[in-house]
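In what follows, a structure is listed as structure tokens, so that the remarks can point back to it.
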Amino acid sequence: MYKYPLIIFEGVEGSGKTTQIKNVKSYLRRNRIKFISLREPGGSKLAEKIRKLILNTKSNFHPFTDLLLYIAARNENVNSIIKKHYKKRVILIDRFIYSTLAYQHYGMDLNLNIINKLNNFILGNIKPDLIFLHTANILELKKRIQKRKEKNRYDKFDIKFYDKVQKGYIKMLKRKKNVTIIDTKKTIRQNKFEILKKINKIF
């Protein structure tokens, strides 16, 4: 269906995205498929600098400042990396526009129209081809986050915040045809099989 799709992995902290992205990268390497992999916030050199600023535990930004920093990092990625490789390589992104909507709108109550307008202005015709939304039991997520040796600012919200964010993700994405919901109640191996099966179909 798509020679070089844009594939997005979404979900709250501790939902298993990073592990599954590693599995997909291994699959692409084995099959000699050209790809690039990014994370948000982060990616380009300048976006990584913004990431450090956002996630620093000593940072205490106003929620709208947070939003603008995320948008700024995304803009750097889009203009320095994504546009260059769009439809020329597989692009894997750990969090994208739906994270901004889930966290900044559903989690922090920022204006939905403003967020959509900013994202649409930056992306233009760039659209995800396949989205994997990782969901998990909120109490289990909290336990996973607490076990992390190094925690960033977004690892330290209370459980109600993560619950609002995850519900926001589900509300946005559950009816989209290009979305696969990955339930982390299943084993890592089961989810790996489901993701790779879906990816294998679209090539």
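Laboratory data are not the source of any read-out in this text; all were calculated from the coordinates shown. Values in this document were obtained by computation on a predicted structure and should not be read as measured data. Methodologically, a virtual Cβ is constructed for each residue, glycine included, from the backbone with ideal geometry; neighbour enumeration extends over all protein chains shown.
Take K176 and tell me if it is of a type outside the set (A, V, I, L, M) and either surrounded by 12 or more Cβ atoms within 10 Å (Cβ to Cβ) or closer than 19 Å to Y103 by Cβ (or both).
Numbers: of a type outside the set (A, V, I, L, M): yes; either surrounded by 12 or more Cβ atoms within 10 Å (Cβ to Cβ) or closer than 19 Å to Y103 by Cβ (or both): yes.
Considered against the rule, which asks whether it is of a type outside the set (A, V, I, L, M) and either surrounded by 12 or more Cβ atoms within 10 Å (Cβ to Cβ) or closer than 19 Å to Y103 by Cβ (or both), K176 comes out as yes.
Pairs are defined by a Cβ separation below 8 Å, a sequence spacing of at least 6 or placement on different chains, a first member in the stretch 186-203 that is touching a residue at least 60 places away in the same chain (Cβ under 8 Å) and surrounded by 13 or more Cβ atoms within 10 Å (Cβ to Cβ), and a second member that is of a type in the set (S, T, Y) and assigned to a helix (DSSP H, G or I); the pairs so defined are L196/Y27; I199/Y27.
Every listed requirement among (1) out of contact with any helix residue (DSSP H, G or I) (no Cβ under 9 Å at 6 or more places or on another chain); (2) without any contact (Cβ under 8 Å) to a residue 24 or more places away in the chain is met by R144 save one, (2).
Every listed requirement among (1) part of a helix (DSSP H, G or I); (2) surrounded by 13 or more Cβ atoms within 10 Å (Cβ to Cβ) is met by K171 save one, (2).
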